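What follows is a set of notes on a single structure, which appears directly below.
The values are calculated or read from the model by the stated rules, or taken from the named source; none is laboratory data. What you see is a predicted model; the values in this text were computed from it and never measured. Neighbour counts are summed over all protein chains in view; Cβ atoms, including those assigned to glycine, are modelled from backbone coordinates with ideal geometry. Only protein heavy atoms, including side chains, enter the accessible area calculation; ligands, DNA and RNA are left aside. Shrake-Rupley method; radii C 1.70, N 1.55, O 1.52, S 1.80 Å.
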Amino acid sequence: YKDETLKDGPHAATEKILIQVAGFLRHELPIRLAHRIVDLNRVPLMKDMPSVRAVRDLYLTSFLELVSVDKEIKNEAQEEEFSKLLENIYERHAGVLVQMARGAFELRAAIKSGAVECPTSAKSANVDAAGATLVEFDKMETTHDFLDRFYISRIGIRVLIGQYLSLRQPPVENYVGIICGRTSPYEIVRRAIDDASFMCTRKYGDAPEVIITGRLDLSFPYVPTHLHYMMLELLKNSMRATVDWHGVDADYPPIKVVIADGKENEDVVIKVSDEGGGIPRSNMERIWSYLFTTADPAIQEGMVAFNDNVDHSVDSPLAGLGYGLPISRSYARYFGGDLSIMSMEGYGTDAFVYLTRLGNTREPLPI
């Protein structure tokens, strides 16, 4: 249907294409939701948390709505009705990140209070001042594996629905749905710097300078909202670490961002370097932990503001949910990239974002 992909201009999808995409989603989305419902029902400990049960009910509602639709979407009216259903589902699931974060907090609280038995793998050899065994939440591997599966699947579901709904909108230059064929890392880093600086200045009254070097002219196919999420998280962390390490009103060393790419390069790589004191080696595993945050759920509720397309905003405080790094890594890995952190305690931290050019990457679907 190559000749039919242009309707109102470049990259506008024809009704025939939209019916095809809707048919694919009618088949695919119930399968993905069903896997997550089973996972939510099975995951030890977390399945009993009230917020996790609420998320499961949300997924179940969406699943039942989808399977109530005719299996075959054959005409424009059916496609239009299906698109409205998906818009509602997309909106309904926007708050899932905060709900699951609250579920993690509820699990921490239940284990600490003794209401839930701590897994043996997470019991520390150390005790607190009262003589109680300390819990190493980052050692709860079953829970972390579940959350990794859950979030990578959630990204996939939102990409599929977001792409379809974007294709129904008037075309935007250089875009096919949510994918921009000429994504500029430099422009996205610039916007992320503005957002992170605003957040840092709001909290501390000042923000470190950020210097960008490397391939400032580079552009490649990617989802700009995903890249912005990752860069904002890394810059936010670097700014907070730099101010905390050097003290308010100090002469801050600049944060450095390097964009690297070459004709033979496998990936586009972005490095964010700071002199914010680094991370102790014993804490390196914890930065990827979904359960290591100590933020109260009431505070978490105000920490993430959602809009239609992205799961973050400049309205979030600097500390965030404690989910930022593992979620950012999931965004990078979804399209075949990765995120790694190297730290020198007493000096600073280097974060590396590896991005594959979209086009030949298989989706990392969890079971």
Original post:
Whose amide H sits under 5 Å from the amide H of I212, counting only residues 5 or more places off or on another chain, with H placed in the peptide plane?
Top reply: V257
Original post:
How do D338, D48 rank by accessible surface area computed with a 1.4 Å probe, from largest to smallest?
Top reply: D48, D338
**OP:** Taking all protein chains together and a probe of 1.4 Å, list Y222, Y90, Y186 from the most accessible to the least accessible.
**Re:** Y186, Y90, Y222
Original post:
In a solvent-free Debye calculation with one equal scatterer on each Cα, what is log10 I(q)/I(0) for region 185-266 at q = 0.10, 0.14, 0.17, 0.19 Å⁻¹, listed in the order of the q values?
Top reply: -0.27, -0.49, -0.68, -0.81
Subject >> Exceeding the 21 Å Cα-Cα cut-off - candidates K47/K236; K112/K203; K47/K139; K47/K112; K203/K236; K16/K74 >> reply: K47/K236; K112/K203
Subject >> Cα gyration tensor shape of region 230-294, rounded if a/c is under 1.5, else prolate or oblate by comparing a/b with b/c >> reply: oblate
Subject >> Förster radius 56 Å - calculated FRET efficiency between D48 and E187, Cβ distance, rounded to 0.05 >> reply: 0.80
Original post:
To the nearest 10 square angstrom, what accessible area does M342 show with a 1.4 Å probe?
Top reply: 120
Original post:
Over the heavy atoms of R190, what accessible area does a 1.4 Å probe trace out, to the nearest 10 Å²?
Top reply: 110
Subject >> Peptide ranges 200-209, 269-278 listed from the most packed, as the mean C-beta count within 10 angstrom indicates >> reply: 269-278, 200-209
